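*Asks:* Structure below; questions to follow.
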Amino acid sequence: MNLYGDRTFWQLYGETTKLSQSTQIFCCALFIAQSKKYFAAGFLKSNGLPSVLELHLRRYQRCRCMTRPRRNTIHCRDMAAAAAARARARRSQPVKPAVVEPTPSSESDCEIQLDTVDLSDCEVPVNSIQNLLVWKDGAGSSLRPVYTGNSERTFFRRQQGKKQRLESVNNNQKIWDYFHKATVIDNVAPSFENPVQTAIAKLNTEISITPNIITERQNRSISKWDLIRKLALRHYLQSLLKNQPKIQTSERIASMLFPDRNAVHSGRLIRDWAQWFVENGVLPVHNQGKFVKKKSLIHDEDVQRILRNFIRTEPDVSLTSSRLSDWVKENLHIKLGLETAVSISPRTSQRWLNILGLRFGKFMKGLYNDGHEREDVVCYRTDFLHRMSTYEKRMIQYEGDFMEKEIFPVLEEGLRPLVLVTHDESCFGSNDGRSYCWLDEDNKQIRPKGNGRSVMVSAFLCECHGILRLTDDLKSQHPEIPDDSTVFLKPGANGDGYWKNCDLIAQVKDKAIPIFKLLHPDCDGLFIFDNSQNHHAKAPDALNANKMNLKNGGANQRLMRNGWYLVPDGTRVVQKMVCDDGRTSKGLVQVLEERGLWDASLNVKKARELLSKQPDFAEQQEWLEETVLGAGFCIDYYPKYHCEFNYIEMFWGAAKAWSRANCTFNFNDHVRLVPKALDSVSLTKIKKFARKSYRYMDAYRITSSGGNSLTCKQIEYAVKRYRGHRKIPIRILETEDFE
């Protein structure tokens, strides 16, 4: 099957130069296929190679690749010897390239036979080419099965063969080097044009970097975003012509032109824009700001008023999103005077209900009024935080994992450390067990309904001792002093009654203050209470004009302590508020007459207002304030709706968690469990609770550069993030995830 023996390609080419062009191409292609070289079918086709000839050449090459002689056999050695003999004979005889005769020994090498064709003619007809390469009779019956597996040995053998083939043709000339190049006529564009170059040329005509680029952009009506995109595309396409990597180049361009965006995402956009621009010649449409802006009807004041009137007349149980959408479709256009009905979906009606201020949730008994950001509450909170910042300068601070490290304040001469004592009351229900637990579906327990009878606890806490109680040494030294300031009460008509202000005064006067003086002999005390009406009550005998009648006596008029007033010379005169019999209270008329302020035109309301403005009545302190200040300590009140400032609230939560875990749903057991629940909270936890309250206070003090305070969500985030700190650093406003 060796058609041309050992003659070189140059000899064959010289012998075929007298033939036509199609015959030259056929002979060269056949030589390359015979010598097992790769040939460029596309190149041959572009030079006029018939498709039928190309098909035959592909069949011939595929057959040559599929068959191979068996190795290490006597038959192979005989074939090699016969081929060498034929080669020597051809070198000694004249060459007849026009006649192709297959030798008998070549039949075992390939099972394709070549018909004898005379190539001396100047042209090779297509019908003769079709009959040139034909399968011989019985072809394929003696073919050896080809191993198609991928064992390790086969894999390395194939890799080595591939490497050898590449090295063998590395320095060889290409096939197109052996053919004449076509003559290019001047002023005629080549048939093939790179689309990337075309896109770059179009971008160069649309944009250009000039000193007056802003004016040019305005004249050409190019938006700023499109201008930046085109600059990015031109830079990216120019980099592609330089064979630079696509991903790295696009991300580098994105980081330069879009510094505030993610480089990976922007780089992916640049690659998508480039592909779209090369294929279509224009940028993808940027839809931002091109949508139709429609204002919803719910933002109209008349619509909101109509819907609110409907919601008020509709019962809570029947008000649903579907009910609202049906009502809007039937009635809203009539009330607004519209010709067509307004139709909304149930999902849209849900959004409308949210805009109207309604929230979907579970119905709960009771009433809760959130006045956290009420104007008067915010004003009092600001003043309270200012006072607390002054108090904290005199307080001992605790740090460390177990809050064992004490940091004493630097005090001026004559000042003593200040200890904060907080107070609160809480109720522990006897049926208040865990709400979430493992349940046995086959054997469910029946719990009592309601919280059951409760035990009310009134306690004082300090950061250094926890519950305000005496130590064992102080108990033995001062047996006359109560050992614990905590008061337990069984509320109810059939129990110990109800907690009143007089009970709190007795607890402060008889227990809290004496115990505090023994525990902190060298410190000043700051007692802080909740801002409730009960804690602001005045003493029963306090000067209170609102409790006085116009005349002397009366069933509801209490006996008051002595008052005083100033005469014109500045002398203070004591005035008795009780008649000479000692049992009848003076009325407004007699009191004002003695002070020279009575006018016959005054009624009860005006008389009370006049007497309330007098110095002795105006300076009358509250009962709790009188008790604490009379003992030489300071007193303050937490802002309303700010339970996070009082760390005893966290103490109650920890104690109730223990009581729920050990609840027996029996009141007698519950009475014994409540003191144990209070003792279950360690001193370290109490100190950490106090530190958290100070973090809340400090978070409320932080204001931005514009003077705005932090929102509630931002405060919760700040307190949670800096849980190991006593104060919130101001740098939290600079964090990216704080918004």
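*Asks:* Of all residues in the range 311-335, how many are among the polar types (S, T, N, Q), surrounded by 14 or more Cβ atoms within 10 Å (Cβ to Cβ) and more than 14 Å from Leu353 (Cβ to Cβ)?
*Replies:* Residues flagged as among the polar types (S, T, N, Q), surrounded by 14 or more Cβ atoms within 10 Å (Cβ to Cβ) and more than 14 Å from Leu353 (Cβ to Cβ) within the range 311-335 amount to 1.
*Asks:* Could you grab me the full set of residues in the range 387-424 that are in contact with an Asp or Glu (Cβ under 7 Å, 6 or more places away or on another chain) and in a helix (DSSP H, G or I)?
*Replies:* Of everything in the range 387-424, just one residue is in contact with an Asp or Glu (Cβ under 7 Å, 6 or more places away or on another chain) and in a helix (DSSP H, G or I), namely Arg387.
*Asks:* Checking Phe665 against (1) open to solvent by less than 50 Å² (accessible area, probe 1.4 Å); (2) touching a Lys or Arg at 6+ places or on another chain (Cβ under 9 Å); (3) hydrophobic (A, V, I, L, M, F, W, C), which test does it fail?
*Replies:* (1)
*Asks:* Could you say which residue among Tyr641, Tyr700, Tyr696 is outside any helix (DSSP H, G or I) and under 30 Å from the mean Cα position of the chain (by Cα)?
*Replies:* Being outside any helix (DSSP H, G or I) and under 30 Å from the mean Cα position of the chain (by Cα) holds for just one of Tyr641, Tyr700, Tyr696, which is Tyr641.
*Asks:* Need the failing condition index for Gly724 against (1) at pLDDT below 95; (2) loosely packed, with under 15 Cβ neighbours inside 10 Å; (3) more than 23 Å from Glu406 (Cα to Cα), just the number.
*Replies:* Every condition holds for Gly724 apart from (3).
*Asks:* Another one. Can Ser426 be described as surrounded by 14 or more Cβ atoms within 10 Å (Cβ to Cβ), in contact (Cβ under 8 Å) with a residue 60 or more places away in the chain and of a type in the set (Gly, Ala, Ser)?
*Replies:* Yes, satisfied.
*Asks:* Mind listing just one residue for me: the one in the range 585-622 that is open to solvent by 40 Å² or more (accessible area, probe 1.4 Å) and among the polar types (S, T, N, Q) and, of those, farthest from Lys538 (Cα to Cα)?
*Replies:* Looking at the filtered set, the residue picked out is Ser601.
*Asks:* Continuing with the same structure: Having 3 or more residues that are under 28 Å from Asp503 (Cβ atoms) is the bar; report the strands (runs of 3 or more DSSP E) wholly within the range 514-600 that clear it.
*Replies:* 524-529
*Asks:* What pairs come up if the first residue lies in the range 348-366 and is at pLDDT 80 or above, the second is open to solvent by 100 Å² or more (accessible area, probe 1.4 Å) and not in a helix (DSSP H, G or I), and their beta carbons are under 9 Å apart, counting only those six or more places apart or on different chains?
*Replies:* Within 9 Å, the pairs are Gln350/Phe360; Leu353/Arg359; Leu353/Phe360; Asn354/Phe360.
*Asks:* I've got another one for you. Please determine whether any residue of the range 469-491 is over 23 Å from Pro639 (Cα atoms), loosely packed, with under 12 Cβ neighbours inside 10 Å, without any contact (Cβ under 8 Å) to a residue 40 or more places away in the chain and touching a strand residue (DSSP E or B) at 6+ places or on another chain (Cβ under 9 Å).
*Replies:* No: the range 469-491 contains no residue that is over 23 Å from Pro639 (Cα atoms), loosely packed, with under 12 Cβ neighbours inside 10 Å, without any contact (Cβ under 8 Å) to a residue 40 or more places away in the chain and touching a strand residue (DSSP E or B) at 6+ places or on another chain (Cβ under 9 Å).
*Asks:* Determine whether the range 562-573 contains at least one residue that is closer than 30 Å to Ile467 by Cβ, open to solvent by 10 Å² or more (accessible area, probe 1.4 Å) and touching a strand residue (DSSP E or B) at 6+ places or on another chain (Cβ under 6 Å).
*Replies:* Among the residues of the range 562-573, not one is closer than 30 Å to Ile467 by Cβ, open to solvent by 10 Å² or more (accessible area, probe 1.4 Å) and touching a strand residue (DSSP E or B) at 6+ places or on another chain (Cβ under 6 Å), which makes the answer no.
*Asks:* Which condition number does Asn369 fail, the rest of (1) in a loop (DSSP other than H, G, I, E, B); (2) over 30 Å from Met697 (Cα atoms); (3) at pLDDT below 90; (4) of a type outside the set (A, V, I, L, M) being met?
*Replies:* For Asn369, the failing item is (2).
*Asks:* Right, something else. Under 7 Å between Cβ atoms, at least 6 apart or on separate chains: pull out the pairs that start in the range 398-411 with a residue that is at negative phi and end on any residue that is among the aromatic types (Phe, Trp, Tyr) and surrounded by 11 or more Cβ atoms within 10 Å (Cβ to Cβ).
*Replies:* What qualifies is Lys405/Tyr398; Glu406/Tyr398.
*Asks:* Tally the residues that are within 30 Å of the chain's Cα centre (by Cα) and more than 15 Å from Ile253 (Cβ to Cβ), restricting the search to the range 272-284.
*Replies:* 0
*Asks:* Still on this model: Considering each of Arg308, Arg268 in turn, give the residue that is open to solvent by 60 Å² or more (accessible area, probe 1.4 Å), part of a helix (DSSP H, G or I) and either closer than 30 Å to Ile247 by Cα or touching a strand residue (DSSP E or B) at 6+ places or on another chain (Cβ under 6 Å) (or both).
*Replies:* Just a single option satisfies the conditions, and that option is Arg268.
*Asks:* Which residue pairs have Cβ atoms under 9 Å apart, sit 6 or more places apart or on different chains, and have a first residue in the range 588-617 that is touching a residue at least 24 places away in the same chain (Cβ under 8 Å) and under 13 Å from Asn549 (Cβ atoms) and a second that is open to solvent by 40 Å² or more (accessible area, probe 1.4 Å) and part of a helix (DSSP H, G or I)?
*Replies:* Leu588/Val604; Leu588/Arg608; Leu588/Leu610; Arg608/Asn546
*Asks:* If you go through the range 554-567 one residue at a time, do you hit one that is out of contact with any Phe, Trp or Tyr (no Cβ under 7 Å at 6 or more places or on another chain) and of a type in the set (Val, Ile, Thr)?
*Replies:* Within the range 554-567, one or more residues are out of contact with any Phe, Trp or Tyr (no Cβ under 7 Å at 6 or more places or on another chain) and of a type in the set (Val, Ile, Thr).
*Asks:* Based on what the data block shows, is Asn494 surrounded by fewer than 20 Cβ atoms within 10 Å (Cβ to Cβ) and within 44 Å of the chain's Cα centre (by Cα)?
*Replies:* no
*Asks:* For the range 615-648, how many residues meet the condition of being more than 18 Å from Glu425 (Cβ to Cβ) and acidic (Asp, Glu)?
*Replies:* Count: 4.
The values are calculated or read from the model by the stated rules, or taken from the named source; none is laboratory data. The model shown is predicted, which means the values in this text are computed figures rather than measured ones. Every residue, glycine as well, gets a Cβ built from its backbone with ideal geometry; the counts of neighbours run over all protein chains shown. All accessible areas refer to the heavy atoms of the entire protein, side chains included, with ligands and DNA or RNA removed. Shrake-Rupley method; radii C 1.70, N 1.55, O 1.52, S 1.80 Å.
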